[in-house]
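**Student:** One structure follows; several queries about it will come next.
Values quoted throughout were computed directly from the atomic coordinates according to the rules given, and no laboratory measurement underlies them. What you see is a predicted model, and the numbers here were worked out from it, not measured in a lab. With ideal geometry, Cβ positions are generated from the backbone for all residues, glycine too; neighbour counts draw on all protein chains shown.
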Amino acid sequence: MSGARAGRSGDNERSSSAAPLIKKIRRIAKVPILLGFGISNSDQVRAALTAGADGAISGNAVVNIIPQHAAKGNLRGRRRSILAEEIREFIADMGKVTVL
């Protein structure tokens, strides 16, 4: 089973609703299971892992940080450094909950 999808990017469905699907996939396939769609904070990563996922994907949440900084002007020099630091902090925060 590939391409399992129970939402669309930006939806904030609870990861716990994915638990039955995760169990079903585990019974029939030996593949890593990642949850995405609306994962934008560490609590949602924790919920995905608690539901049985091997990991969580948070693409749009990272991409959405960029326009916040671009709206303030050109992304050069100091502005670029501030943007890069915010992305690093976001990723570090998300990663903290993955340490078991």
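**Student:** What number, in percent, do you get for the relative contact order of segment 15-96 if the mean sequence gap of Cα pairs under 8 Å and at least 6 apart is divided by its residue count? If you can, show how the numbers build up before the last one.
**Tutor:** Values: 69 pairs, mean separation 23.9, N = 82.
The value is 29 percent.
**Student:** List every residue whose amide H lies under 5 Å from the amide H of G38, counting only residues 5 or more places away in sequence or on a different chain, with H placed 1.01 Å from N in the peptide plane.
**Tutor:** Hits under the 5 Å cutoff: G10, D11.
**Student:** For the charge dipole of segment 15-96, defined by +1 on Lys and Arg C-beta atoms and -1 on Asp and Glu C-beta atoms about the Cα centroid, which residue among I91, Q68, A18 has the Cα displaced farthest towards the positive pole?
**Tutor:** A18
**Student:** With a cap of 15 neighbouring Cβ atoms within 10 Å, and only residues DSSP puts in a loop, list the GluC sites (Glu not before Pro) found in segment 11-100. Show your work: numbers first, answer last.
**Tutor:** Numbers: sites: E13, E85, E86, E89; in loops: E13.
Of the GluC sites (Glu not before Pro), the ones in loops of segment 11-100 whose Cβ has at most 15 other Cβ atoms within 10 Å are E13.
**Student:** Another question about this same structure. Can you give the local net charge around S42? Use residues other than it whose beta-carbon is closer than 14 angstrom to its beta-carbon, Lys and Arg +1, Asp and Glu -1.
**Tutor:** Working: positive: R46, K96; negative: D43, E89, D93.
Around S42, the charge tally is -1.
**Student:** Quick check: pseudo-label points 7 Å beyond the Cα along Cα→Cβ at A29 and H69, how many nm apart are they?
**Tutor:** Taking the simple label geometry, A29 and H69 are separated by 3.5 nm.
**Student:** Report the FRET efficiency, 1/(1 + (r/R0)^6), for T98 and V62, where r is their Cβ-Cβ distance and R0 is 22 Å, rounded to 0.05. Numbers along the way, then the final one.
**Tutor:** Working: r = 15 Å, r/R0 = 0.70.
So the FRET efficiency works out to roughly 0.90.
**Student:** If you filter segment 54-100 for trypsin sites (Lys or Arg not before Pro), then keep DSSP loop positions with at most 16 other Cβ within 10 Å, what is left? Could the numbers behind the result be given before it?
**Tutor:** Working: sites: K72, R76, R78, R79, R80, R88, K96; in loops: K72, R76.
Hits after loop and neighbour filter: K72, R76.
**Student:** Tell me, what HN-Hα J-couplings in whole Hz come from the Karplus equation 6.51 cos²θ - 1.76 cosθ + 1.60 at θ = phi - 60° for each residue of segment 42-52, using x for Gly and Pro?
**Tutor:** Listing the rounded values in order: 5, 5, 6, 5, 4, 5, 4, 5, 5, 6, x Hz.
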